1. What number of residues in segment B:20-47 are more than 9 Å from chain A (Cβ to nearest Cβ) and in contact (Cβ under 8 Å) with a residue 60 or more places away in the chain?
2. Residues of segment A:38-86 being of a type in the set (Asp, Glu) and either touching a residue at least 60 places away in the same chain (Cβ under 8 Å) or part of a helix (DSSP H, G or I) (or both), which ones?
3. Could you tell me whether segment B:94-116 includes any residue that is modelled with pLDDT of 95 or more, more than 9 Å from chain A (Cβ to nearest Cβ), outside any strand (DSSP E or B) and within 26 Å of B:Ile2 (Cα to Cα)?
4. Can you name every residue in segment B:28-44 that is surrounded by fewer than 24 Cβ atoms within 10 Å (Cβ to Cβ) and either among the acidic types (Asp, Glu) or part of a loop (DSSP other than H, G, I, E, B) (or both)?
5. State whether one or more residues within segment B:53-60 are touching a Phe, Trp or Tyr at 6+ places or on another chain (Cβ under 8 Å), within 7 Å of chain A (Cβ to nearest Cβ) and more than 24 Å from B:Asn132 (Cα to Cα).
6. Using the structure shown, decide if B:Val135 is in contact with a Ser or Thr (Cβ under 7 Å, 6 or more places away or on another chain), at the interface with chain A (Cβ under 10 Å from one of its Cβ atoms), assigned to a loop (DSSP other than H, G, I, E, B) and modelled with pLDDT of 90 or more.
Amino acid sequence: MLVLTRKKGEKLIINDNIEVVILETRGDAVKIGVKAPRNVSIYREEVYEEIKKSNVQSSKNVNVNDVTSAIDLLSAKPGAKKSYSDALQQMIQTKKRKD
Amino acid sequence: MILKTAKFGEVEVNEEFTFNFIEPILGYEKLSKFALVDHMPDSPFKWLQSMEDESIALPITVPSFFDIDYEFVLTENDAKKLDAKGAEDILTLNIVNIPNGQPEKATINLLGPIVININNKNAMQIVLVNSNYSVRHKLFNEDLKKFDIEEIKKEETETSEG
């Protein structure tokens, strides 16, 4: 890992097309500006971690009976469909047919 | 084809509904093959069942089934990775989280949808940028309290007894 020190207002250039600027420092917080092409994705790390945690919980904690209960809850809602049978399959097949 | 699973035993899987994750479901970086498995007839939920680890299965649904307005723009980069030519190639699914024994607290991950190119079966989990969508959006309103569940459970017991 490259480690370097920058002052407020100073920049880093990455790969000719990404510019990182230190806008402000206050206590242990640093405000950073990033200028990058549209096709470069920039995320806060904790968003990734949150999704990872949520994915793992989804499979680990799930109880098949709870899913069935959730269906009952949905069908108790006004305007709920009687059947979602293959609404998904239909979505897939409709999309395929356009091929 | 027949797939061995921990939750459902042996299930018949339609090969049309098997997907190849070119970028992983976060947290399952070593798994790339998943199959769409039915929960039960008429269900708004299905399962993304790993074909490589029988213990891994994630419940998924579609936000519109729960009256959730949902839209996002797939970046050109991601469309390219999936080799998708237009929105008509793309199917999106969202992973559901149901805390054990508390289906009323179920949430849906709107920030990290699964996108699938239905023509070539390439799939990936993407993370939406500059989005206000939540990783844990509630599927059911707060007003749906325990009462409803107890009622439903009671009805189920009565039905099964009758």
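The values are calculated or read from the model by the stated rules, or taken from the named source; none is laboratory data. All values derive from a computational prediction rather than experimental measurement. In this analysis, Cβ positions are derived from the backbone assuming ideal geometry, glycine residues included, and neighbour counts consider all displayed protein chains.
1. 6
2. Residues satisfying the conditions are A:Glu45, A:Glu46, A:Glu49, A:Glu50, A:Asp66, A:Asp72.
3. The answer is no, given that none of the residues of segment B:94-116 is modelled with pLDDT of 95 or more, more than 9 Å from chain A (Cβ to nearest Cβ), outside any strand (DSSP E or B) and within 26 Å of B:Ile2 (Cα to Cα).
4. Of everything in segment B:28-44, those that are surrounded by fewer than 24 Cβ atoms within 10 Å (Cβ to Cβ) and either among the acidic types (Asp, Glu) or part of a loop (DSSP other than H, G, I, E, B) (or both) turn out to be B:Tyr28, B:Glu29, B:Lys30, B:Leu31, B:Ser32, B:Asp38, B:His39, B:Met40, B:Pro41, B:Asp42, B:Ser43.
5. Yes, some residue in segment B:53-60 is touching a Phe, Trp or Tyr at 6+ places or on another chain (Cβ under 8 Å), within 7 Å of chain A (Cβ to nearest Cβ) and more than 24 Å from B:Asn132 (Cα to Cα).
6. Numbers: in contact with a Ser or Thr (Cβ under 7 Å, 6 or more places away or on another chain): yes; at the interface with chain A (Cβ under 10 Å from one of its Cβ atoms): yes; assigned to a loop (DSSP other than H, G, I, E, B): yes; modelled with pLDDT of 90 or more: yes.
Spelling it out, B:Val135 is indeed in contact with a Ser or Thr (Cβ under 7 Å, 6 or more places away or on another chain), at the interface with chain A (Cβ under 10 Å from one of its Cβ atoms), assigned to a loop (DSSP other than H, G, I, E, B) and modelled with pLDDT of 90 or more.
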